[in-house]
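Asks: For reference, the structure I am asking about is given below.
The values are calculated or read from the model by the stated rules, or taken from the named source; none is laboratory data. No experiment lies behind these values; they were computed from the predicted model shown. In this analysis, Cβ positions are derived from the backbone assuming ideal geometry, glycine residues included, and neighbour counts consider all displayed protein chains. Calculation scope for accessible area: heavy atoms of the full protein, side chains included, ligands and nucleic acids excluded. Shrake-Rupley method; radii C 1.70, N 1.55, O 1.52, S 1.80 Å.
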Amino acid sequence: MIPYLFATVMLLIGLYAIVARRNLIKIVIGVAITEYAINLFLILLGYRTKGVPPILGKGMDLKEFASSSVDPLPQALTVTSIVIGLGVMALLVALVLRLYEKYGTLDESEMKRLKG
Amino acid sequence: MDQILPLLVAIPLGAAFLIPILVRVWRRFPDILGNLSTLALLVMSLLLVGREPSTYYMGGWRPPLGINLVADGLSVLLLIVISSIAFCATLFSIPYMEKYTSKSRYYSLFMLMVAGMNGVVLTGDMFNLYVFLEIASIASYALVAFGTEAEELEASFKYMIMGCVASTFVLFGVGILYGRTGTLNMAHLARIVDRDGMSPAILFASALFLMGFGLKAGMVPFHAWLPDAHPAAPAPISAMLSGVLIKAIGMYAIARFFYVVFGMDGLTSTVFMALGLLSMVVGALLAVGQWDFKRLLAYSSISQMGYVMLGLGIGTPLGVLGALFHLLNHATFKGLLFLCSGAIEHGTGTRDMGKMGGLIRGMPLTGTTCSVGSLSISGIPPFNGFWSKLIIIVAAVQAGHYAIAAVVVLLSFLTLTYYLRLMRHSIFGDLPEALKGIREAPALMGIPLVLLAVCCLSLGLLYPVLKPLLLGPATDVLLRAGDYIDLVLGG
Amino acid sequence: MKGMSLIVRTIARVVTTFIFLYSAYIVVYGHITPGGGFPGGVILALGVMLLMLAFGREVPLRKLPEGRASVLDCLGALGFWAIALLGLTAGYFFLNFLGKGEPFRLVSAGTMPLCNISISVKVGVSLFAVLAALSIYRRFYPPGGEPPEDMSGG
């Protein structure tokens, strides 16, 4: 139950930053927080108390390994989502830089070229 | 024969990475390679029509362990929509994109977007679906900002922030479903949900999916990005975004998850109908006051996607059939209209309807095809929009929702009103002095317009052929979820 | 940006070698120990970033201009794509068609090391390109205006 609550709270913090902040950089940070909330959630899903890392070493018993290792799948999912997050972040930051170049400010409320 | 399924994703992906290399050899390679690959995709997806549903195991790993690709009726319908509009858009891009620099990056991103959408409609694995969704979305964010003017950057930023939140919701939903059921395979998940029933956690995940995919589909409470992002993109990309992207990564995912995986019940059906009605009404009302040609089209997309959502919400076989038919039709006429807007912008240099008029004299082909598109979308017989709207209305009446049917009829009149206004101000009327010298768009822009206009006319008349080949199997997929599970997991 | 002091440059020159070596180790042993193409590629890009910080961004860009970086980036992705397609000729897309070998040996696990190497090229070069592209934004001041004092030093 704890991972769910934790992830939801962190997600809400990120959403708050996205909705309430005016500074573009802070909005980008809000997006990063929401992404990492989910990454943390995925890792916590696969966690098991006193588990061993999901790496099979030489001479390990397969059955014993499987019964004590943490779930590796969420870790693979997390790596993938981190990679995606990297791409998203690079594009977002590039967009913010270009917007700064156009407007000379990072304040969202001064960019109202769109009608809404 | 099954070997085509991975190729549908692999070809655009390979083209996306080959184009930036080959452009150094010859400047024309991006055009050629881009068009060849969308043509190949079109041919391959047409080959899949009328075949038995098939499934493909990536790397030979069987589900629920490995990732599998599934081509059933619904996926094939979406594949045809994607590849036909993509083909028209790439053909249109050859002359249209000349005014932008760096055509190779444009085609590269375009191909990534197509690969992402093909992946979303083919995959049978939830996380894989998320990854393809992100590939398509990130490519579309970059394409919206392609002009790098202030307006485009701002639209792209807004789209991107909302799109990222939507993707996060989807991933959260995937995580919850994995945590509760221990599987990522959609068919396996459907079997588990069917056996154990809905628990609160799964209900929460489905709500997250509805929000995430609903935002990607431009449904009304989550629609704020759409009227900015769709007009800001270059015209072929607007056609792809409005004609295909919101369907492939929004509507398709909603239909697949809620019909096949979670199973429909009274509550979901009501929520779908409410969302659909809201989108229809709000989109149409906002479209009425627009003077920007492309912005009007974008609002009308919201409204038309509402029809699809409503049809899915009604949930009777006729309603689902109408929804899927309208999805197909909307892709053709909205693709056509956005490409027309590109041709008009190319010829006149403006998108403001107040400065246009009488274009049919200077640009007869664009004017005619644009009128065909407008008449189809407003539901004038014998064009295709009329038939799908008729099916949805009949389905609503048959299901006993008389009030909804009345609203749909009223909104069709409203749609007709604003498209008549569009035609009166841009295509017919007097040609303003400033536009006396306009010329018809180049031939390569004209061909896709004619192709799509012919589709608008013929899809309605060919309904008796279409139904057994395309629409019937697609409807069956949604109504008989068990078949999908048996297809993937066997027996 | 002209780079930093002599001490920083000398240390950076030495350390970068080890960073690159470590990245190669992470990539090549990716299939038997924790690591793989993505972490290896990131470490590679971080080594380049250290060079950028110590010597100024022009030095790495002179070795690998943007155009060539873009080609290399695409080649890395195409390599991965080609391995998947070769699997198709052997029966299934992404099929691991090479011999699996003996577990825990360097040459084992079929196509996995090859995939790791092409991913590391893709990730390393594209991350380098991202860093270079972001650092090229020197016009980080209002259009027409002068750069603010505190930003002119980089």
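Asks: Counting only protein heavy atoms and rolling a 1.4 Å probe, how much accessible area do B and C lose on contact, total for both sides, in Å² to 100?
Replies: 1400 Å²
Asks: Further question on the same structure: For a quick check, take a GNM of chain C with Cα springs below 10 Å and name the residue from C:Pro34, C:Pro60, C:Pro113 with the largest mean-square fluctuation.
Replies: Among C:Pro34, C:Pro60, C:Pro113, the largest mean-square fluctuation in the Gaussian network model of chain C belongs to C:Pro34.
Asks: With all distinct Cα pairs included, what does the Kirkwood hydrodynamic radius of region B:288-429 come out to in Å, to one decimal, could you say?
Replies: Numbers: mean 1/r = 0.0652 Å⁻¹.
Radius from the Kirkwood sum: 15.3 Å.
Asks: Would you mind computing the Rg to Rh ratio of the protein assembly as shown from its alpha-carbon coordinates, Kirkwood style for Rh?
Replies: That ratio is 0.97, to two decimals.
Asks: For region B:370-375, in order, what is each residue's ³J(HN,Hα) by Karplus, 6.51 cos²θ - 1.76 cosθ + 1.60 with θ = phi - 60°, in whole Hz (x at glycine and Pro)?
Replies: Working through the residues one at a time gives 5, 5, 4, x, 5, 5 Hz.
Asks: Which three lengths, in whole Å and largest first, does region B:327-392 cover when its Cα atoms are put on their principal axes?
Replies: So the extents along the principal axes, rounded to whole Å, are 39, 20, 19.
Asks: Okay, next question. Can I get the semi-axes of region A:2-110's equivalent ellipsoid? Compute them from the C-alpha gyration tensor as square roots of 5 times the eigenvalues, in angstrom, largest first.
Replies: Taking √(5λ) for each eigenvalue gives 39, 16, 6 Å, largest first.
Asks: Nearest 0.05, what FRET efficiency do A:Ile55 and C:Val8 give at R0 = 30 Å with Cβ-Cβ as r?
Replies: 0.20
Asks: Going by accessible area, probe 1.4 Å, with all protein chains left in place, what is the ranking of B:Phe132, B:Phe293, largest first?
Replies: The most accessible residue leads, giving B:Phe132, B:Phe293.
Asks: If you find the alpha carbon centre of region B:316-333 and of region B:183-254, how far apart are they in angstrom?
Replies: 17 Å
Asks: Then there is this: For region A:3-46, what is the accessible area per residue in Å², given a 1.4 Å probe and the full set of protein chains?
Replies: Working: 2110 Å² over 44 residues.
Averaged over the residues of region A:3-46, the accessible area is 48 Å².
Asks: Roughly how large is the B-A contact in terms of buried accessible area, totalled over both chains, probe 1.4 Å, nearest 100 Å²?
Replies: Accessible area lost upon association: around 3300 Å².
Asks: Can I ask one more? In Å, the Kirkwood hydrodynamic radius of region B:211-333 over pairs of distinct alpha carbons?
Replies: 14.1 Å
Asks: Can I ask one more? Isolated Cys in chain B by the 4.7 Å beta carbon test?
Replies: Taking the Cβ cut-off of 4.7 Å, the unpaired cysteines of chain B are B:Cys88, B:Cys164, B:Cys455, B:Cys456.
Asks: May I ask you to list the trypsin sites (Lys or Arg not before Pro) in region B:401-451 that are in a DSSP loop and have at most 12 other Cβ atoms within 10 Å of their Cβ?
Replies: Within region B:401-451, the qualifying trypsin sites (Lys or Arg not before Pro) (loop, at most 12 other Cβ atoms within 10 Å) are B:Lys436, B:Arg439.
Asks: Taking N as the number of residues in region C:6-139, what value does Rg over Cα atoms divided by 2.2 N^0.38 Å take?
Replies: 1.20
Asks: Report the Cα centroid-to-centroid distance between region C:5-63 and region B:336-350 in angstrom, as an integer.
Replies: Centre-to-centre distance over Cα atoms comes out at 49 Å.
Asks: Sticking with this one: In sequence order, what are the phi-derived ³J(HN,Hα) couplings for region C:52-63 according to the Karplus relation 6.51 cos²θ - 1.76 cosθ + 1.60 with θ = phi - 60°, rounded to whole Hz, with x for glycine and proline?
Replies: Each residue's phi maps through the Karplus curve to give 4, 5, 7, 9, x, 6, 6, 5, x, 5, 6, 5 Hz.
Asks: Region B:18-39: which residues show an accessible-area loss of 50 Å² or more, assembly versus chain alone, 1.4 Å probe?
Replies: B:Ile21, B:Arg24
Asks: Given H placed 1.01 Å from N in the peptide plane, which residues other than close sequence neighbours of A:Val52 have an amide H under 5 Å from its amide H?
Replies: Under 5 Å from the amide H of A:Val52 lie the amide H atoms of A:Ser69, A:Val70, each far enough along the sequence or on another chain.
Asks: In a solvent-free Debye calculation with one equal scatterer on each Cα, what is log10 I(q)/I(0) for region B:366-489 at q = 0.09 Å⁻¹, listed in the order of the q values?
Replies: Treating every Cα as an identical point scatterer, log10 I(q)/I(0) equals -0.41.
Asks: Also, I was wondering about something else. For C:Val107, project a label point 7 Å along Cα to C-beta. Then give me every residue of region C:21-57 with its amide nitrogen under 16 Å of that point.
Replies: C:28-29, by backbone N distance to the label point.
Asks: Moving on. Charges only on Cβ, +1 for Lys and Arg, -1 for Asp and Glu: so what's the dipole of the protein assembly as shown about the Cα centre, in debye to the nearest 20?
Replies: That gives the protein assembly as shown a dipole magnitude of about 960 debye.
Asks: Okay, moving on. On average, how much area does the Cα convex hull of region B:368-432 cover when viewed from any direction, in nm²?
Replies: 4.4 nm²
Asks: Could I ask something else about it? What do you reckon, how do B:Tyr484, C:Tyr29 stack up by accessible area (1.4 Å probe), largest on top?
Replies: Sorted descending by solvent-accessible area, the residues read C:Tyr29, B:Tyr484.
Asks: R0 = 51 Å: FRET efficiency of B:Leu203 with C:Tyr29, Cβ-based, nearest 0.05? It would help to have the intermediate numbers written out before the result.
Replies: Working: r = 45 Å, r/R0 = 0.87.
Plugging the Cβ-Cβ distance into 1/(1 + (r/R0)^6) gives 0.70.
Asks: Using only alpha carbon positions, build the gyration tensor of chain B, then give the equivalent ellipsoid semi-axes as the square roots of 5 times its eigenvalues, largest first, whole angstrom. All intermediate terms of the calculation are to be shown ahead of the outcome.
Replies: On the way: eigenvalues 234, 139, 80 Å².
Output for chain B: semi-axes of 34, 26, 20 Å.
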